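Structure first, commentary second.
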Amino acid sequence: MARVFASLVIGSGVLLLAGEGAPRLGPETWVWLAVCGLAEALWIRLPDGRATLSMGSVANFAAALTLPRDQAIWVATLATLVVELAIMRKPLMRACFNAASTGLAVAATLLVLGRLAPEGALALRGAHLLAATLMAAAVFYASNRAAVLLVLALEQHRPVWGVWRENFGVRRDVLPSAAAFSLGVLLAHHYAHAGVMAIGFVFLPTLFVLDAHRSVRFGAVGPTALSATEPLRIAADEQRCPTARAG
């Protein structure tokens, strides 16, 4: 059943990209592809050993706030696929599952933003900006985690709640993830005003959010505990588990 579910997610992702059509390429597209790839390459493995968690959601959420719809979806999907295959060396089906679930999460986020902020989230101010970004982040998080929870639960023949408690939870995942989404908003805002230099303002705090994830899960502390290389997003393993990723 896990493989069937993963195939359905991959198929949905392919249909999504086909519906969006070829993106309009420009210098900004390549910049965000690199930024999303860099964030994807910051990762840790979840406690059950069959899934991973990366800081991709920082950049993917920022891309959703910054880029046109088609570019945001393609950039997030391709960055995930390339990093998972080239750097993390995951099996093809697992990498495709994670890439597809990322694209679907970005699409769901953009659907919410399109209704709450038709002129763009960064055009909002005050409470309206806070409400729109909170709702969009909640949708991104729920979409991403739901895909991983379901594939893990199906693969392990366990209840979803048990998988949630082992790998996620409020203190271990929800709070650090909220910090990551906050950084995504800051990255989008700084990029609008400072361009590529915005990456420098957000990169170091992103490392500490990743370290916070590592600390609450494994007891490691300090920047030296950081891995050099893995929705915020999560990934499921090998098809033993395909994002808050599989893998």
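The values are calculated or read from the model by the stated rules, or taken from the named source; none is laboratory data. Since the model is a prediction, treat every value here as computed from it, not as a measurement. Neighbour counts run over all protein chains shown; Cβ positions are idealised from the backbone, glycine included. Only protein heavy atoms, including side chains, enter the accessible area calculation; ligands, DNA and RNA are left aside. Shrake-Rupley method; radii C 1.70, N 1.55, O 1.52, S 1.80 Å.
Trypsin sites (Lys or Arg not before Pro), restricted to region 60-131: which are DSSP loop and have at most 14 other Cβ atoms within 10 Å? Show your work: numbers first, answer last.
Values: sites: Arg69, Arg89, Arg94, Arg115, Arg125; in loops: Arg89, Arg125.
Of the trypsin sites (Lys or Arg not before Pro), the ones in loops of region 60-131 whose Cβ has at most 14 other Cβ atoms within 10 Å are Arg89, Arg125.
Using 7 Å Cα-to-Cβ label points, what is the Arg125/Arg24 separation (nm, one decimal)?
The two pseudo-label positions are separated by 2.7 nm.
For the pair Ala86 and Leu134, what calculated FRET efficiency results from E = 1/(1 + (r/R0)^6), where r is the Cβ-Cβ distance and R0 = 35 Å, to the nearest 0.05?
Working: r = 34 Å, r/R0 = 0.97.
Efficiency, from the Cβ-Cβ distance: 0.55.
To the nearest Å, what is the center-to-center distance of region 91-113 and region 148-217, using C-alpha atoms only?
Taking the Cα centre of each part, region 91-113 and region 148-217 sit 15 Å apart.
Over region 53-120, average the accessible area per residue using a 1.4 Å probe and give it in Å², no decimals. Walk me through the numbers before you get to the answer.
Details: 2170 Å² over 68 residues.
In whole numbers, region 53-120 has 32 Å² accessible per residue.
At a 1.4 Å probe radius, carbon and sulfur cover how many percent of the accessible area of region 44-173?
Numbers: 3450 of 5150 Å².
About 67 percent, which is the carbon plus sulfur part of the accessible surface.
Which values, in whole Å and largest first, are the semi-axes of the equivalent ellipsoid of region 116-185 obtained as the square root of 5 times each eigenvalue of the Cα gyration tensor? Don't skip to the answer; put the middle values down first.
Details: eigenvalues 182, 32, 12 Å².
Square roots of five times the eigenvalues give 30, 13, 8 Å.
For region 88-213, count the residues as N, evaluate 2.2 N^0.38 Å, and divide the Cα radius of gyration by that value, please. Don't skip to the answer; put the middle values down first.
On the way: Rg = 16.3 Å, N = 126, 2.2 N^0.38 = 13.8 Å.
In units of the 2.2 N^0.38 Å rule of thumb, it is 1.18.
Over the Cα atoms, compute the radius of gyration (one decimal) and Dmax (the largest Cα-Cα distance, rounded to a whole number) for region 1-154, in Å.
Reported Rg and Dmax, both Å: 15.1, 45.
Please list Leu134, Leu149 from largest to smallest accessible area, probe radius 1.4 Å, with all protein chains kept in place. Provide the component values of the computation, followed by the final result.
On the way: Leu134 105, Leu149 20 Å².
Ranked from most to least accessible, the order is Leu134, Leu149.
Could you derive backbone 3J(HN,Hα) for region 168-176 from the dihedral phi with the Karplus parameters 6.51, -1.76 and 1.60 (θ = phi - 60°), listing whole Hz in sequence and x where the residue is Gly or Pro?
Running phi through 6.51 cos²θ - 1.76 cosθ + 1.60 with θ = phi - 60° gives 10, x, 6, 5, 7, 9, 5, 5, x Hz.
Residue by residue through region 22-29, which ³J(HN,Hα) values in whole Hz follow from phi under the Karplus form 6.51 cos²θ - 1.76 cosθ + 1.60 (θ = phi - 60°), with glycine and proline marked x?
5, x, 7, 8, x, x, 5, 4
Using Cα pairs under 8 angstrom and six or more residues apart, how large is the relative contact order of region 69-181, in percent?
Numbers: 78 pairs, mean separation 22.7, N = 113.
Rounded, it is 20 percent for region 69-181.
Please list, in order along region 102-119, the HN-Hα scalar couplings obtained from phi with the Karplus expression 6.51 cos²θ - 1.76 cosθ + 1.60 (θ = phi - 60°), rounded to whole Hz, x for Gly and Pro.
Karplus values, whole Hz, x for Gly and Pro: 5, x, 5, 5, 5, 5, 5, 4, 5, 4, 5, 5, x, 7, 7, 9, x, 8.
Mind ranking Glu20, Glu84 by accessible surface for me, highest first, 1.4 Å probe?
Details: Glu20 45, Glu84 0 Å².
The residues order as Glu20, Glu84, largest area first.
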